[in-house]
Amino acid sequence: MPNSTFIIAEAGVNHNGSLDMALELIDVAAHARADAVKFQTFISDKVVTSRADKAAYQVTNTKTGGTQLDMIRKLELSQDDHQVLVQRCKARGIRFLSTAFDSQSLAFLSGLDMPCIKLPSGDITCGPLLLQAARLQRPMLLSTGMSTLTDIESALGVLAFGLTRQDEPTRQSDFEDAYASDEGLAALQRHVTILHCVTQYPAPARAVNLRAMDTIAGAFGLPVGYSDHTLGIEVALAAVARGATVIEKHFTLDCSLEGPDHAASLDPQELARLVSGIRTIEQALGSPTKRPAADEVANRPIARRSLVAARRIAKGETFTPDAFEYKRPGDGLSPMQFWDLLGRSASRDFDLDDQIQ
């Protein structure tokens with residue numbers, strides 16, 4: 001991934017199955033100057049069974065019950081639709097991304113011009129799909145919503161195996177061995193960024209635990225980012241300040257639209273503010289070295305103080321504490337030299353407020 005924060009504007013399924021709306025979402029993301037706009041690619045029958053109920057948040061956000069299958073069937077985009085989206089992204093100067101939720105969709109997406117493969121939180125335990133993704137030898141983003149460190153390590157083992165070996169695994173220990181190998185670790189470092197995430201839409205701030213990014217980075221030695229499902233932009237901005245190299249954030253044309261994710265998404269104006277805020281934070285983070293900034297050097301004599309005479313001082317008079325004041329500008333002797341002067345004799349006469357020489 002690039003050195004600056006990689007900002008993914010997550011359109012997801014907020015197109016509501018409409019190609020025209022998906023194209024408009026691309027335009028919004030490009031106008032906001034996000035690095036990529038991401039959709040979701042799936043064949044409904046290969047993702048969920050007919051008995052899979054909606055999540056509670058999906059019922060709340062869609063204002064209706066029913067099954068996941070009925071809901072997501074309305075949200076599929078065809079392969080031809082994807083080609084149109086890719087061309088629109090090229091025309092607007094933004095990278096196209098999509099998350100594959102089944103093997104066939106992943107194979108299709110692998111033929112498109114995408115900067116990375118996104119592995120969603122729900123599939124962190126879907127070993128076969130992880131292995132297929134790893135064998136594409138592309139940069140990968142691994143989301144970790146609902147996960148423990150053990151879940152993440154297990155997934156990384158599958159990715160390490162797929163990145164370094166062409167044979168088929170025969171037992172779980174094959175993945176453990178790949179993860180423990182120097183070759184596997186080096187491959188993960190070249191290809192994988194781990195995204196901290198809370199799988200709830202919207203996610204309450206109290207559930208986010210951004211400090212877990214530090215734990216993930218320390219545990220696995222890999223770059224970390226944050227996939228944000230909170231309302232507003234504050235938590236995503238805080239994640240950048242804490243070192244997130246990737247930010248993923250849902251957005252929509254209108255938060256009041258019907259659909260599972262609109263209510264937890266940014267509107268176009270908020271998305272633009274998020275991107276602008278991240279770029280400002282990047283500049284502000286700067287260097288770990290503490291030194292005067294070039295912009296403030298000229299203000300040092302203006303803001304600091306010099307030792308000056310608190311009263312008339314005659315030549316030869318011994319300096320006592322009551323002889324001095326500390327006043328601006330700071331282009332004379334520093335008040336830090338106050339104690340060095342005590343007991344010494346004045347080299348000349350000083351009037352009130354004269355700088356001590």
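Structural remarks
- A count restricted to the stretch 64-82 and to residues that are under 28 Å from the mean Cα position of the chain (by Cα) and either of a type in the set (D, E, K, R) or assigned to a helix (DSSP H, G or I) (or both) stands at 3.
- Verdict on ILE43 being surrounded by 20 or more Cβ atoms within 10 Å (Cβ to Cβ), in contact (Cβ under 8 Å) with a residue 12 or more places away in the chain and aliphatic (A, V, I, L, M): no
- Helices (runs of 4 or more DSSP H) completely within the stretch 95-167 that count 3 or more residues being touching a Leu at 6+ places or on another chain (Cβ under 7 Å), crowded, with 20+ Cβ neighbours inside 10 Å and among the acidic types (Asp, Glu): none
- Inside the stretch 83-94, residues that are in a loop (DSSP other than H, G, I, E, B) and within 23 Å of SER227 (Cβ to Cβ) make up a count of 1.
- For the stretch 27-56, filtering for residues that are of a type outside the set (S, T, N, Q), touching a helix residue (DSSP H, G or I) at 6+ places or on another chain (Cβ under 8 Å) and in a helix (DSSP H, G or I) leaves 8.
- Residue list for the stretch 97-126, restricted to those being among the small types (Gly, Ala, Ser) and in contact (Cβ under 8 Å) with a residue 40 or more places away in the chain: SER98, ALA100, SER103, SER105, SER121, GLY122
- Pair list, Cβ under 9 Å, 6 or more apart: the stretch 160-180 residue farther than 23 Å from PHE220 by Cα, other residue at pLDDT 95 or above and part of a loop (DSSP other than H, G, I, E, B): GLN166/ARG135
- Hits in the stretch 312-357 (condition: outside any loop (DSSP other than H, G, I, E, B) and either charged (D, E, K, R) or outside the structural domain of ILE302 (by TED's automatic domain parsing) (or both)): ASP322, GLU325, LYS327, ASP340
- SER345 vs. criteria loosely packed, with under 14 Cβ neighbours inside 10 Å, within 30 Å of TYR201 (Cβ to Cβ) and of a type in the set (Ser, Thr, Tyr): no
- Residue count for the stretch 56-69 satisfying the condition of being exposed (fewer than 15 other Cβ atoms within 10 Å of the Cβ) and under 26 Å from LEU129 (Cβ atoms): 2.
The values are calculated or read from the model by the stated rules, or taken from the named source; none is laboratory data. These numbers come from a predicted model, not from an experiment. Because the Cβ atoms are built from the backbone with ideal geometry, glycine has one as well, and the counts that use them run over all protein chains shown.
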